[in-house]
Amino acid sequence: MGDILKLQVQAPPEKGRANEAVCALLAKTLGCPPRDVSVVAGVTGRDKTVAIEGYSEADLRRALPSNSP
């Protein structure tokens, strides 16, 4: 989706569970510790901005799977 990564988690959006699941999923996919991934904007919304310690945008583009043809 262009510069936007779309993902889905099963955790309910209550008490931060969905945010934790998003961070855990990204950490697992990238092979980094969960503590290196944090939601920095959109904590209570569907659209979130995350920060991943130690990764540049170019690193993330290479590391994350792409669904584009």
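The values are calculated or read from the model by the stated rules, or taken from the named source; none is laboratory data. Given the structure is predicted, the values throughout are model-derived calculations rather than measurements. Ideal geometry is used to build each Cβ from the backbone, glycine not excepted, and the neighbour counts take in all protein chains shown.
Tabulated data
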quantity: Pairs with Cβ under 7 Å, 6+ apart, first in the range 43-69 and in a loop (DSSP other than H, G, I, E, B), second surrounded by 10 or more Cβ atoms within 10 Å (Cβ to Cβ) and at pLDDT below 85; calculated: L64/L5
quantity: Among (1) at pLDDT 90 or above; (2) part of a loop (DSSP other than H, G, I, E, B); (3) surrounded by 15 or more Cβ atoms within 10 Å (Cβ to Cβ), the one test that A18 misses; calculated: (2)
quantity: Candidate set from the range 28-42 (those that are in a helix (DSSP H, G or I) and without any contact (Cβ under 8 Å) to a residue 24 or more places away in the chain); member that is surrounded by the most Cβ atoms within 10 Å (Cβ to Cβ); calculated: D36
quantity: Residue in the range 48-57 that is surrounded by fewer than 12 Cβ atoms within 10 Å (Cβ to Cβ), out of contact with any strand residue (DSSP E or B) (no Cβ under 7 Å at 6 or more places or on another chain), at pLDDT below 90 and not aromatic (F, W, Y) present; calculated: yes
